[in-house]
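The block underneath contains the structure these notes are about, expressed in C-alpha cells.
The values are calculated or read from the model by the stated rules, or taken from the named source; none is laboratory data. Keep in mind it's a predicted model, so treat the numbers as computed, not measured. Neighbour counts are summed over all protein chains in view; Cβ atoms, including those assigned to glycine, are modelled from backbone coordinates with ideal geometry.
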Amino acid sequence: MSETHTNTPAFDDCWNSIGVWRRGEVRCDKLDEVIHCYNCPTYAMAGRSLLDRAAPEDYAQEWTNVLAREKVIQEKNLESVVVFRLGAEWLSLPVSMIGEITLMRDIFDLPHNHNPKLRGIVNIRGKLVICMSLGFLIGVDRPDEDWLKADRSIQRLIMMREGSGYIVFPVSEVHGITRHHADELNMAPDTVKKKNLNFIKGIIKWQDHNVGCIDETALTAEIANNLR
C-alpha cells in the first residue's frame with residue numbers, strides 16, 4: 001500500500017507484504033541474499049524519501065510558536081531530604097546521604113562495647129553493618145513513658161553512607177522524601193540549640209511539624225569519631 005498523506009512521497013512498502021513483516025505466505029526472493037529488509041536498497045530508498053520530503057506548510061509557523069513560548073525557569077537551591085521520626089522528634093537528612101531504608105531487624109550486641117552510641121551490628125542481606133544510635137549521637141532525648149505508651153511506631157532501619165561503606169540506625173517512623181527551598185530553612189529555636197547545637201542546622205515546616213535538618217558534616221564527623 002502506498003502512502004497518500006500530504007507531503008509524504010509514495011513508495012511501495014514491500015517489507016509489509018513480501019518482506020520480513022509480511023502478513024501472507026509470499027516471500028521476497030531477495031531475503032536469501034540480504035537476510036533482513038533493513039539491508040535492502042529498496043528499504044533504504046524508502047527511508048531516504050521520507051527524510052527528503054517537503055516540509056508541511058505550517059511547519060515554520062509551528063516551530064515559531066514553540067520557540068516563542070515563555071521559558072519555564074527551573075527552581076534552584078532546592079534540597080531533597082528524607083523526613084523521619086525519632087521518638088517524639090521529626091528530623092531529616094539529605095537524600096544523597098541515604099543508601100536504603102529497610103525493615104527493622106535484630107540488632108546483635110558487640111562484645112565488650114560500653115559506648116551507648118554504638119548499638120551493635122545488623123545483618124543486611126548477608127553483610128554485617130554497624131548499627132548506631134542516632135538519638136545518642138545527636139542528643140535527642142528519649143520520650144517520657146506516657147508518650148511511649150501511646151506511640152504507634154513503625155520502626156525502620158536507615159542505611160546511611162559513611163566513608164566507603166554504610167552504617168544503619170533505627171528510627172520510629174519514616175515519612176519519605178520532601179523538598180524545601182534554601183530560604184525555607186529557619187533558625188533552630190533555643191530549646192533545640194541547647195540540646196544539639198552542633199547537629200541541627202535549621203528547621204523546616206512539614207505537615208504542621210517542625211522538622212530538624214541534621215547537619216550532615218557534623219553528623220559524619222561524630223560517627224567517624226565513634227568508629228575509631
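Structure values in brief
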quantity: Within the range 86-104, tally of residues that are without any contact (Cβ under 8 Å) to a residue 60 or more places away in the chain, closer than 22 Å to His209 by Cα and out of contact with any Pro (no Cβ under 7 Å at 6 or more places or on another chain); calculated: 0
quantity: Matching residues in the range 49-63 - criterion: being closer than 25 Å to Trp21 by Cα and either modelled with pLDDT of 85 or more or surrounded by 11 or more Cβ atoms within 10 Å (Cβ to Cβ) (or both); calculated: Ser49, Leu50, Arg53
quantity: Test: residue in the range 193-212 that is modelled with pLDDT of 85 or more, out of contact with any Ser or Thr (no Cβ under 6 Å at 6 or more places or on another chain), surrounded by 14 or more Cβ atoms within 10 Å (Cβ to Cβ) and polar (S, T, N, Q); calculated: yes
quantity: Enumeration of residues in the range 161-174 that are at pLDDT 90 or above and either over 26 Å from Ala224 (Cα atoms) or in contact with a Leu (Cβ under 7 Å, 6 or more places away or on another chain) (or both); calculated: Val168, Phe169, Pro170, Val171
quantity: Of the criteria (1) touching a helix residue (DSSP H, G or I) at 6+ places or on another chain (Cβ under 9 Å); (2) assigned to a helix (DSSP H, G or I), which one Gln61 fails; calculated: (1)
quantity: Wholly enclosed strands (runs of 3 or more DSSP E) of the range 77-143 bearing at least 3 residues exposed (fewer than 13 other Cβ atoms within 10 Å of the Cβ) and small (Gly, Ala, Ser); calculated: none
quantity: Given (1) surrounded by fewer than 14 Cβ atoms within 10 Å (Cβ to Cβ); (2) at pLDDT 85 or above, index of the condition Ala182 fails; calculated: (2)
quantity: Selection count, the range 27-48, where residues are part of a helix (DSSP H, G or I), without any contact (Cβ under 8 Å) to a residue 12 or more places away in the chain and surrounded by 10 or more Cβ atoms within 10 Å (Cβ to Cβ); calculated: 6
